[in-house]
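Below: one structure, written as C-alpha cells.
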Amino acid sequence: MVQFVTPDIAVDIGTNNTRVYVKNKGIVVNEPSIVIVRGDNSKRIIAIGDSAEEMIGRAAADVRVVHPLRDGVIVDYEMAQVMLHYFVSKAIGSRYFFRPRMVVTMPGKVSKVERRAVINAMEHIGTRQIFVVEQAFAAALGTGLPVYDPQGSFVVDIGAGTTEVALVSMGGIVLSHSIRVAGNKIDEAISGYLKKQHAILVTDRVAEQLKMDIADVRADKNPEHIAVVRGRDIATGMPLTVDVNMARVSEAIADPLKEILAAIKWVLGRIPPEFAADILQNGIFLTGGSAALPSLDAMIATEFGVPVSVARDAGECTTLGAGYMADHFDMLGGAGRDNG
Ligand SMILES: Nc1ncnc2c1ncn2[C@@H]1O[C@H](COP(=O)(O)OP(=O)(O)OP(=O)(O)O)[C@@H](O)[C@H]1O
Ligand SMILES: [Mg+2]
C-alpha cells in the first residue's frame, strides 16, 4: 500500500548529535552531526552520521571531517543541508509524497541569520510547515515537567555546544539564558591542559573519554589516580604516551563549569517572586548529554542550595519534548500558525 500521509516529525539539531522523532513512533534517528568529504575541493560526500563516525581516525588521509554545527548553530550551510536531508530521509523514507511538517529545535540565543539558516535548510529539504521551539522549553517538556501549568519549572539543558537555562511556565519561557559553553568546551579545557602541562596533542575523543573518566577519581577519592594518555608530541609530532593525574584533569575543567554555574545564577537571580517557592521546592532539572558529567548535580545543588535532579534519559529530553509537540502539531501556536 502506498502511504500518502507524511508523518509530522521533530528534528533536534545538536552540535554533536542530531535526532529525528517521527510522530507516534519515537526517536528513529540518533546520529553524530558529522559529514566526511573528500579532502580536495570537490566536496564529495563519503559518509554521514554513524558511518562517518566509524571512519574517523581510520579513513584515508585525503578525507576531511566536517562538523556542520558549532556552538549550537550552523557554520557550514551546505554540509548541514546535506546532513539534515540524509537524516530526515532516513527517518521517513526518501520517497515521501507530501513534505512533512516539522518541529525544529534551536538554542535560546541565536542571531536572525543563524535562525534563518536552519529554516532555509529545512525548507530546502522540503517541509510544509516549520515550528521552531527553544531547546530549553523542549527539554522541560521532554523531562515531563508540568510546563503548561501555572507553576514554574527550572531546567538546565547542557549539551555539547550550548547550555540553555530557563524558567518555564504556562506553555512558554518566562526567563532564560543561553551560553555557548557545554561539553565541547569542557573537552577543550582538558586538551588545553594536556598541551600545556604534558606537551601532548590528543584527539577530541581522547579528551572526551578523560572527561567521562573523571567519575572514577571522584568516586575513589584517590588523588593519585593515573590515566595513560596517548597522543602526539607537540614539538615533533611523534606518537607519545604520558601518565596523567586525573585529579589535575578534574581541576582543569573548572573554568567552563564556572561559566555554566554563572549562567544558572543569572536566571536564578532574576526569578519573579511568584515562582521562587516552586523552584525552591521542585528544584532544578538537568538534561542534555553533559548532565551525566560526574558530580555536576551535586556541585549545582551545593552552590545554590536547591535540589537538583538529572532527568531520566537526559540526553533525549529535548528531542522527546519536540517530539511531543510534533505529536500535537495542530495545537501549536494556535491554528497551525507558522512561527518560522
Ligand atoms: N557520561 C558522560 N559524562 C560527561 N559528559 C557526557 C557523558 N555522555 C555524554 N556526554 C557529553 O554530552 C555531550 C553531548 O550531549 P548532547 O547530545 O545533548 O549534545 P548536542 O545536542 O549535540 O549539543 P547541543 O544541544 O549543545 O547543540 C558531549 O559533549 C558529550 O561529551
Ligand atoms: Mg541538544
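Each reported figure results from applying straightforward, stated rules to the coordinates on display, with no laboratory input. Since the structure is predicted, the reported quantities are computational estimates derived from the model, not experimental observations. Cβ: placed from backbone, ideal geometry, glycine included. Neighbour counts: every protein chain shown.
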Let me know the charge dipole size of the range 183-254 about its Cα centre in debye, to the nearest 20, where only the beta-carbon of Lys, Arg (+1) and Asp, Glu (-1) is charged. 160 debye
Please find, in a Gaussian network model of the chain (springs between Cα atoms separated by less than 10 Å), the residue of Val20, Val63, Val73 whose mean-square fluctuation is greatest. Val63
Taking N as the number of residues in the chain, what is its Cα Rg relative to 2.2 N^0.38 Å? 1.04
With +1 on the Cβ of every Lys and Arg and -1 on the Cβ of every Asp and Glu, and nothing else charged, how large is the dipole of the chain about its Cα centre, in debye rounded to the nearest 20? 840 debye
Express the relative contact order of the range 27-175 as a whole percentage, based on alpha carbon pairs under 8 Å and six or more residues apart in sequence. 17 percent
Just Lys43, Lys211, Lys109 to compare: in a GNM of the chain, with alpha carbon springs under 10 Å, which one fluctuates most? Lys43
List the pair-distance distribution P(r) of the range 183-254, using every Cα-Cα distance, as the percent of pairs falling in each 10 Å bin from 0 up to the bin containing the longest distance, rounded to whole percents. 22, 57, 20, 2
Pick from Gly269, Gly142, Gly289: which residue has the top mean-square fluctuation in a GNM of the chain where Cα pairs under 10 Å get a spring? Gly269
What's the local net charge at Glu316, with K and R +1, D and E -1, over the other residues with C-beta under 11 Å away? 0
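Is the shape of the range 75-221 rounded, prolate or oblate, going by the alpha carbon gyration tensor and its root eigenvalues a ≥ b ≥ c, with a/c under 1.5 for rounded and a/b larger than b/c for prolate?
Here the range 75-221 falls in the oblate category.
How large is the helix-only mean residue ellipticity at 222 nm for the chain, computed as the sum of -39500 (n - 2.57) over DSSP H runs with n ≥ 4, divided by its residue count, in deg cm²/dmol to the nearest 500?
Roughly -12000 deg cm²/dmol at 222 nm, from the helical runs in the chain.
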Under 9 Å from the Cβ of Ser176, count the other residues' Cβ atoms, weight Lys and Arg +1, Asp and Glu -1, and hand me the total. -1
Once the dipole of the chain is set up with Lys and Arg at +1 and Asp and Glu at -1 on Cβ about the Cα centre, which of Pro7, Val206, Val165 lies farthest towards its positive end? Pro7
Kirkwood hydrodynamic radius of the range 1-53 from all distinct Cα pairs, in Å? 12.9 Å
With x for Gly and Pro, the residue-by-residue ³J(HN,Hα) of the range 285-295, computed from phi through the Karplus equation 6.51 cos²θ - 1.76 cosθ + 1.60 at θ = phi - 60° and given in whole Hz, is 10, 9, 10, x, x, 7, 5, 7, 4, x, 6
Asp40/Asn120 FRET efficiency (R0 25 Å; Cβ-Cβ; nearest 0.05): 0.40
What Rg and what Dmax come out for the range 237-283 when only alpha-carbon atoms are used, in angstroms? 19.1, 60
